[in-house]
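A short write-up of the structure that comes next.
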Amino acid sequence: MNKKPTIDFITLGCSKNLVDSEKLMGLFEAHGYHVTHDSDNPKGEIVVINTCGFIEDAKQESIDTILEFAQGKTEGRVKRLYVMGCLSERYLADLEAEIPEVDGWYGKFNYRKILETLETLDHQENIDTTPRHLTTPRHYAYIKISEGCDRHCAYCAIPIITGRHQSRPMNEILDEVRYLVSQGTKEFQVIAQELTYYGVDIDGKQHIAELIEQMADIEGVEWIRLHYAYPSHFPWDLLRVMKERKNVCNYLDIALQHISDHMLSRMQRHVTRKETYELIQRMREEVPGIHIRTTLMVGFPGETDEDFQELLEFTRWARFERMGAFAYSEEDGTYSAEHYKDDVPAEVKQARLDRLMRLQQQISAELEASKIGQVMRVIIDRTEGDWYVGRSEFCSPEVDPEVLIPISEQLTIGAFYDLKVTDAEEFDLYATTRI
């Protein structure tokens, strides 16, 4: 029997892309291939690049990576090169013409055909139920519950790339969770382009609270963390589930983008300043200790100094435990690109972004310092130098602060510990097992 080639996967962009890569890697493994992911020194005969096409910087990173491996193919270091994901979904014709070294271009939904070019497959085979090849540490995984978005915010290209919202069947999601638990996974990051819309495309009702409740009842699920909610028509029953189920983390990732009614209207966010303030206040009242993660935008077309001042005041009031921000960049095909002039100068955008992040840095430092002396449950992810690196329920992998514990304490990767916080920096905590 001929040995099948090694396939190197490279994933760019968000955790939703990562799940797609893991699904395809699992399918390749089921057919006898050896796969690697984001290797420092890719040596596979075949390379698959999963691209991002969300914002300009991400698109450029994807193009640069493709060109790098296209050169590798020209030099004989790579035999075949395939590209999938958001960038090729959006710009397929242009990319095919400009980078002929790529052997095949695939989008967000037809990427299983990469394997079909190499194998005779059973077309009944469901990539969503094939065991994934986890690229994360075994103790945590991302669970994608839907694809697409129906919100159509003025600046956002996601609906152009992914299409309308499509919820995965609930039983399929729960079966995936049960399987991963059987493989040692304890922590689940629930992700979607729009989490709170789950189920609406099926029967017109939001079923996210029901899904999380059932997921929380699966034995062996230690933590569930929720990502990418939307503020308009928020499903309040989700807060009840978060409060009642100890394994649903008191954490919510909800992108708010702005606070002034002027900006929210132009962004087509379908929510008001008043409703946003009430939303945050109610979340904190119903789930004491909740950590809210959000994203804010500066420099959207038409943003005035007054709009920006409102955003600063809102940030001071809300005191978000986790907050990221970015400057507006015009995206092809979006409503704002076609109807608004990008009229905020680049230097003004940058100055506003810097000022907003300085404020958040101060807030984060104060909030983290307030945790000194507290005892927290922490899961250990890895070691780095003289430290174990872990996370509390308030910290999502890759994007949030971490907890550092001296390596001398002899902990186990993937295990939970009750730790006492001994010190804090702006974005990290230090802790010990000596309570």
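Per-residue answers, yes or no, for (1) farther than 21 Å from SER329 by Cβ; (2) aliphatic (A, V, I, L, M); (3) open to solvent by less than 50 Å² (accessible area, probe 1.4 Å):
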residue	(1), (2), (3)
PHE28	yes, no, yes
ASN41	yes, no, no
GLU45	yes, no, no
ILE55	no, yes, no
ILE63	no, yes, no
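Check the range 178-193 and report whether any residue there is on the phi < 0 side of the Ramachandran plot, surrounded by fewer than 21 Cβ atoms within 10 Å (Cβ to Cβ), under 20 Å from the mean Cα position of the chain (by Cα) and not hydrophobic (A, V, I, L, M, F, W, C).
Yes; the residues of the range 178-193 include at least one that is on the phi < 0 side of the Ramachandran plot, surrounded by fewer than 21 Cβ atoms within 10 Å (Cβ to Cβ), under 20 Å from the mean Cα position of the chain (by Cα) and not hydrophobic (A, V, I, L, M, F, W, C).
Looking only at the range 65-87, count how many residues are touching a Lys or Arg at 6+ places or on another chain (Cβ under 8 Å) and either of a type in the set (D, E, K, R) or open to solvent by 80 Å² or more (accessible area, probe 1.4 Å) (or both).
The total comes to 3.
Here is a list: PHE394, PHE416. Which entry is in contact with an Asp or Glu (Cβ under 8 Å, 6 or more places away or on another chain), modelled with pLDDT of 95 or more and under 21 Å from ARG293 (Cα atoms)?
Details: PHE416 fails: under 21 Å from ARG293 (Cα atoms).
It is PHE394.
Can you give me the number of residues within the range 309-334 that are in contact with a Phe, Trp or Tyr (Cβ under 8 Å, 6 or more places away or on another chain) and of a type outside the set (D, E, K, R)?
4
Out of MET267, MET263, report the one residue that is over 23 Å from the mean Cα position of the chain (by Cα) and in contact (Cβ under 8 Å) with a residue 24 or more places away in the chain.
After applying the criteria, what remains is MET263.
Residue check, LYS108 against (1) open to solvent by 70 Å² or more (accessible area, probe 1.4 Å); (2) in contact with an Asp or Glu (Cβ under 6 Å, 6 or more places away or on another chain); (3) among the basic types (Lys, Arg), all met but one. Which one?
Looking at each condition in turn, LYS108 falls short on (1).
Is it fair to say HIS123 is within 30 Å of LEU264 (Cα to Cα) and modelled with pLDDT under 95?
In short, no.
Can you give me the ranges of the helices (runs of 4 or more DSSP H) entirely in the range 61-174 with at least 2 residues that are under 30 Å from HIS339 (Cβ atoms)? So that I can check it myself, show each step before the final result.
Working: elements: 86-90, 92-98, 113-116, 158-162.
By residue number, 86-90, 92-98, 158-162.
Checking VAL48 against (1) more than 11 Å from ILE10 (Cβ to Cβ); (2) not in a helix (DSSP H, G or I), which single condition isn't satisfied?
Single failed check for VAL48: (1).
GLY32 passes all but one of (1) open to solvent by 10 Å² or more (accessible area, probe 1.4 Å); (2) touching a residue at least 12 places away in the same chain (Cβ under 8 Å); (3) outside any loop (DSSP other than H, G, I, E, B); which number fails?
The number of the failed condition is (3).
The values are calculated or read from the model by the stated rules, or taken from the named source; none is laboratory data. Values in this document were obtained by computation on a predicted structure and should not be read as measured data. With ideal geometry, Cβ positions are generated from the backbone for all residues, glycine too; neighbour counts draw on all protein chains shown. Areas reflect the complete protein model, heavy atoms only, side chains present, ligands, DNA and RNA absent. Shrake-Rupley method; radii C 1.70, N 1.55, O 1.52, S 1.80 Å.
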